[in-house]
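Working notes for the structure below.
The values are calculated or read from the model by the stated rules, or taken from the named source; none is laboratory data. Keep in mind that this is a model prediction, so the values were computed, not measured. Ideal geometry is used to build each Cβ from the backbone, glycine not excepted, and the neighbour counts take in all protein chains shown. Heavy atoms of the whole protein, side chains included, go into the accessibility calculation; ligands, DNA and RNA do not. Shrake-Rupley method; radii C 1.70, N 1.55, O 1.52, S 1.80 Å.
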Amino acid sequence: MSLSREAIVEGLRRIVGPDAVVTDERVLVESSVDNFRKLQNIFDVHTMPVPAAVALPGDAAQVAELLRFASDNGVAVIPRTGGTATEGGLESAVPDSVIIDGSMMNKIISVDPYNMQATCQCGVPLQALEDRVREHGLTTGHSPQSKPVAHMGGLVATRSIGQFSTLYGGIEDMVVGLEAVFPGGEIARIKNVPRRAAGPDIRHVVIGNEGALCFISEVTVKLFPYFPENNTFLGWTLKDMATGFAVLREVMVNGYKPSVARVYDPGDAGLHFSHFAAEDDCVLLFMAEGAAGIAKATADGIQAIVDKHPECTQVPSEYIETWFNDLCWDASKITAEDERIRQTRNVNRTTEISADWGSINDIYQTAKARIIAEIPDVTMMGGHSSHSYINGTNMYFNYFFNVVGVGPEEETEKYYLPIIGIICEETLRRGGSIVHHHGMGKARAPWVKDEYGSSYYILETLKKSFDPDGIMNPGTIIPL
Amino acid sequence: MDQLRIVVGFKVTPDYEALRPADWARAGDDAADGPEASPGGRPGGPETRFVRRILGVFDEAALELALRLRDARAERGLQTSLAAFSVAGRVADSFLKTLLALGYERAARVEAGAALDFAPGATAALVAGGAQRLGGDVLLLGSRCGPGDSGVVPFLVAEALGRPCLTQVTEIAPADRGRLRVTFTADAGPVRAIVSTPCVLAVGNAVVSMLRVPTLKDRLATREQPVVAFSAADLGVDVTEELDREPAALVGLETIDRGRAGVIVGGATPADKARALYETHLRARLERL
């Protein structure tokens, strides 16, 4: 028999204390969604079940008690830290769920410049950790646009990636060890070592679990020397994405590791580079960084590769550097965007996928053409590739549409989900992955079996084994 | 009046918030030798080539208010024609094409051939010339735009055109007999006036401040509509002469440090931090009140 909301709240208060349980109705309503339903948030129209409470544990032991309580009583929990998710992963899909918010677990436990690693609790903002390690002349190398607001636990839980990924890798390449709390209250710690071959690498059970298997309470990440004085920016305009993908491929195949390697299509380039790019121009850009010799060799190598493509026209590096310095979100940008949406009902959404070099341009071209033809009220359909690998790259579809004739609560059904559907279909058809770095959340969970194919067996077994009662973030990764 | 002709003059401005610190202090250099070249080599203020262009905040509001006025008049069965122009080079084209897609019938730019930062007299002469060339019963302008703006351009334009001018306009609605009901901000607060045309309205801190966005289909439908370009000479304006008459010239820029001293209040929990904030920083001050 399920507990009443009052009994749930009472149980939570016994574990973390009354001051660490939030039942304010406004907080609960806002906690029922993430940025997937940002239009509903902006217009204050809420349709998801309201959680019973937000619990703010102070340590892993309290998290363990909370999860034990949830397991014993069949209460759904949603792990959360910074709350910057974009794919519905933080939505409360079932009534009377509990948000376990790790943002009070915000201690930087150690910064170890000799062993080049830092350990922190899940609620440490990435920006705070980055600021701390910079005092030692180091960097985490992780810089998603959400850096000022995202927390370490959530970044690991969603397999985040940053703007410098081509050099430093995604978060999965940075995490050397972690601590996680599983349903029933088991606290598991994976030690911090340079590498291991003692069976499967179980870090990857935890990294990217999106709160559907466990709560990440602590992480240890690699550190890198920080040489901003050597940052070198390079940029070109060109007329088609196929050439841009080809250049990115050549750079990667030849072994260069620029921290930033991107190609923007004309629509997306128009949002950032209209002061130097023509309306039909794509923009190709790179940043080389690291020790002086490495940065120079990287920049020289890229220059030599692009020089072989006369269809690319080089632009002054200041264009790229200035753009780059203004890239991250901050609170004022988020507020301004919300106000623009409120006034214009013009909404910006993104969907990111990955595929091999042989498929990526087809996916981009086909999905774009279909969206323009099939979805009404689209005002911009574009995208860019921003994370490349030796065997392929990502495509970050960036699109805007006017919300016409429906309320904010119907925006996802009329526009957003159909667009996601087209992108997922075209990606899966060509063997790509439907999620590059935002996480599955609940938005793309309906495609999980197509994404995993026969390996879905492994995912399903993990879910059943670690979360037999189905209390961990129901509906995320695996749909209800 | 069954037909109202509205002309909006708007400014395309560098996104100053994205400017690198080093690019602020370039006055005295020939900083305008980029896409928006200054043949006269007049000091052009900060180095702004490397940041994107945006609509001035009040100019954007003026453009949207004109569309809303058109829509409101249409509901009464009244016709409205819209034209927009900017004193700018090709950098304004993408904005002008957006306006054509939104239903502005005519779009034009006035090419100054010189940098006009800190030159309100020359700017006003070109704006007045552009407005006269496009005709119109109502000229809408933004009150001011960005760092270095004097805020006097709308007054100078109105004077040059011999039209009355209302400033700090926040709302415009149709009134009877072709007149307009205009809300503007005065020292005492908001004021509503019935205004006859022709007139100049300078838009201020309007509640409606953001321009709607055309669909890709709208853009496709107006793709062939031209953006007309006028030179200063076409408008009978001698920019060099106007610049020479400017009463003030930019001679230097320096960054003002607006940093404020601060401390980070520590504590294990929000309650601890609140307590520390109160005990250490607030209590004594509050007791003195």
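Hydropathy at least -1.0 by Kyte-Doolittle, axial extent at least 20 angstrom from the Cα trace: which helices of chain B, defined as entire DSSP H runs, fit?
On the way: long enough: B:57-75 (28 Å, 0.01); B:120-134 (21 Å, 0.62).
Sorted by number, the helices that extend far enough and score high enough are B:57-75, B:120-134.
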For this session: Give me the distance in nm between label points sitting 7 Å out from Cα along the Cα-to-Cβ direction at A:Asp112 and A:Asp280, one decimal.
Result: 5.7 nm
Seminar exercise, completed: Per the rule of 0.36 nm per residue minus the C-alpha distance, extending A:Ala369 to A:Phe324 adds in nm 13.3 nm
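So what's chain B giving for Cα Rg divided by 2.2 N^0.38 Å, two decimals?
On the way: Rg = 22.6 Å, N = 289, 2.2 N^0.38 = 18.9 Å.
That works out to 1.19 for chain B.
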Exercise. Excluding ligands and nucleic acids, what accessible area in Å² is computed for A:Glu352 using a 1.4 Å probe, to the nearest 10?
Worked result: 0 Å²
Exercise. How big is the charge dipole of the protein assembly as shown about its Cα centre, in debye rounded to the nearest 20, if each Lys and Arg gets +1 on its Cβ and each Asp and Glu gets -1 on its Cβ?
Worked result: 660 debye
For this session: Could you state the angle between the C-alpha long axis of helix A:456-466 and the longest principal axis of the C-alpha atoms of chain A, as a value from 0 to 90 degrees rounded to the nearest 10?
Result: 40 degrees
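Quick one: Cα convex hull volume of segment A:347-480, Å³ per residue? Each step should come with its number before you reach the end.
Values: hull volume 15.1 nm³, N = 134.
That works out to 113 Å³ per residue.
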Exercise. Could you give the dipole magnitude of segment A:190-276 about its Cα centre, charging the beta-carbon of Lys and Arg +1 and that of Asp and Glu -1, in debye to the nearest 20?
Worked result: 420 debye
Exercise. Straight-line reach from A:Lys296: which aspartates and glutamates have a Cα under 13 Å away, not including same-chain ones fewer than 8 places off?
Worked result: A:Glu229
Seminar exercise, completed: Between the alpha carbon centres of segment A:422-480 and segment A:365-404 the gap in Å comes to 21 Å
Exercise. When the Cα centres of segment B:74-109 and segment B:246-277 are compared, how far apart do they sit, in Å?
Worked result: 41 Å
Problem set entry | Residue-averaged beta-carbon neighbours from other chains (10 angstrom radius) around B:198-210 | 1
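Considering every pair of different Cα atoms, what Kirkwood radius, in Å, is found for segment A:36-111? Don't jump to the answer; show the numbers that get you there.
On the way: mean 1/r = 0.0730 Å⁻¹.
Mean inverse Cα-Cα distance, inverted, gives 13.7 Å.
What is the antiparallel percent of DSSP beta bridges lying wholly in the protein assembly as shown, to the nearest 5?
Working: 76 of 114 bridges.
Here the antiparallel bridges make up roughly 65 percent for the protein assembly as shown.
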Exercise. Once both labels are modelled 7 Å past Cα along the beta-carbon direction, what's the A:Ala336-B:Val207 spacing in nm?
Worked result: 2.3 nm
Exercise. Amide H of A:Gln117: which non-local residues (sequence gap of 5 or more, or other chain) have their own amide H closer than 5 Å, using H built in the peptide plane?
Worked result: A:Asp112, A:Leu223
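Which pairs in the list A:Lys414/A:Lys442; A:Lys442/A:Lys464; A:Lys308/B:Lys97; A:Lys368/A:Lys449; A:Lys222/A:Lys368 are over 26 Å apart, alpha-carbon to alpha-carbon?
Numbers: A:Lys414/A:Lys442 17 Å; A:Lys442/A:Lys464 18 Å; A:Lys308/B:Lys97 35 Å; A:Lys368/A:Lys449 24 Å; A:Lys222/A:Lys368 38 Å.
Where the Cα-Cα span goes over 26 Å, the pairs concerned are A:Lys308/B:Lys97; A:Lys222/A:Lys368.
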Exercise. So what's the angle, to the nearest 10 degrees on a 0 to 90 scale, between helix A:60-73 and the longest Cα principal axis of chain A?
Worked result: 60 degrees
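Which values, in whole Å and largest first, are the semi-axes of the equivalent ellipsoid of segment B:134-289 obtained as the square root of 5 times each eigenvalue of the Cα gyration tensor? Let's see the in-between values first.
Numbers: eigenvalues 417, 123, 96 Å².
Gyration-tensor ellipsoid for segment B:134-289: 46, 25, 22 Å.
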Problem set entry | Loop-located GluC sites (Glu not before Pro) in segment A:118-190, at most 13 other Cβ atoms within 10 Å (DSSP) | A:Glu135, A:Glu186
For this session: Quick one: dipole size for segment B:3-245, taken about the Cα centre, charges +1 on Lys/Arg Cβ and -1 on Asp/Glu Cβ, in debye to the nearest 20.
Result: 1000 debye
For this session: Taking amide H positions as placed in the peptide plane 1.01 Å from N, state which residues far from B:Arg5 in sequence (5 or more) or on other chains have amide H under 5 Å from it.
Result: B:Ser81, B:Asp137, B:Val138
For this session: Return one number: the angle in degrees, 0 to 90 and rounded to the nearest 10, between the long axis of the Cα atoms of helix A:292-307 and the longest principal axis of the Cα atoms of chain A.
Result: 60 degrees
For this session: Set the Förster radius R0 to 30 Å, insert the Cβ-Cβ distance between A:Arg5 and B:Thr269 as r into 1/(1 + (r/R0)^6), and round the FRET efficiency to 0.05.
Result: 0.75
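Looking only at Cα atoms, what is the convex hull volume of segment A:330-383 per residue, in Å³? Spell out each step's value before the answer.
Values: hull volume 4.8 nm³, N = 54.
Spread over its residues, the Cα hull of segment A:330-383 gives 88 Å³ apiece.
Given the convex hull over the Cα atoms of chain A, what projected area results after averaging over all orientations, in nm²?
On the way: hull surface 88.7 nm².
Over all viewing directions, chain A projects a mean Cα-hull area of 22.2 nm².
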Exercise. Using heavy-atom solvent-accessible surface (probe 1.4 Å) with all chains present, what is the largest-first order of A:His46, A:His437?
Worked result: A:His46, A:His437
For this session: Determine the equivalent ellipsoid of segment A:203-300 by diagonalising the alpha-carbon gyration tensor, then write out the semi-axes as square roots of 5 times the eigenvalues, largest first, rounded to whole Å.
Result: 31, 21, 14
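Calculate, for A:Ala188 and A:Val406, the FRET efficiency according to 1/(1 + (r/R0)^6) with r their C-beta to C-beta distance and R0 41 Å; round to the nearest 0.05.
Computed FRET efficiency for A:Ala188 and A:Val406: 0.35.
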For this session: List the trypsin sites (Lys or Arg not before Pro) within segment A:299-376 that fall in a DSSP loop (any state other than H, G, I, E or B) and whose Cβ has at most 10 other Cβ atoms within 10 Å.
Result: A:Lys308
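List the GluC sites (Glu not before Pro) in segment B:162-252 that DSSP assigns to loop (not H, G, I, E or B) and whose Cβ has at most 14 other Cβ atoms within 10 Å. Which are they?
Taking segment B:162-252 and a limit of 14 other Cβ atoms within 10 Å, the loop GluC sites (Glu not before Pro) found are B:Glu224.
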Exercise. For segment A:49-159, what does the alpha-carbon gyration tensor say about shape, rounded, prolate or oblate, given a ≥ b ≥ c as the root eigenvalues, a/c under 1.5 as rounded, and a/b over b/c as prolate?
Worked result: prolate
Problem set entry | Rg in Å to one decimal, and Dmax rounded to a whole Å, for segment B:116-204 via C-alpha atoms | 13.2, 40
For this session: Could you calculate the FRET efficiency of B:Arg68 with B:Ala233 from 1/(1 + (r/R0)^6), where r is the beta carbon distance between them and R0 is 25 Å, rounded to 0.05?
Result: 0.10
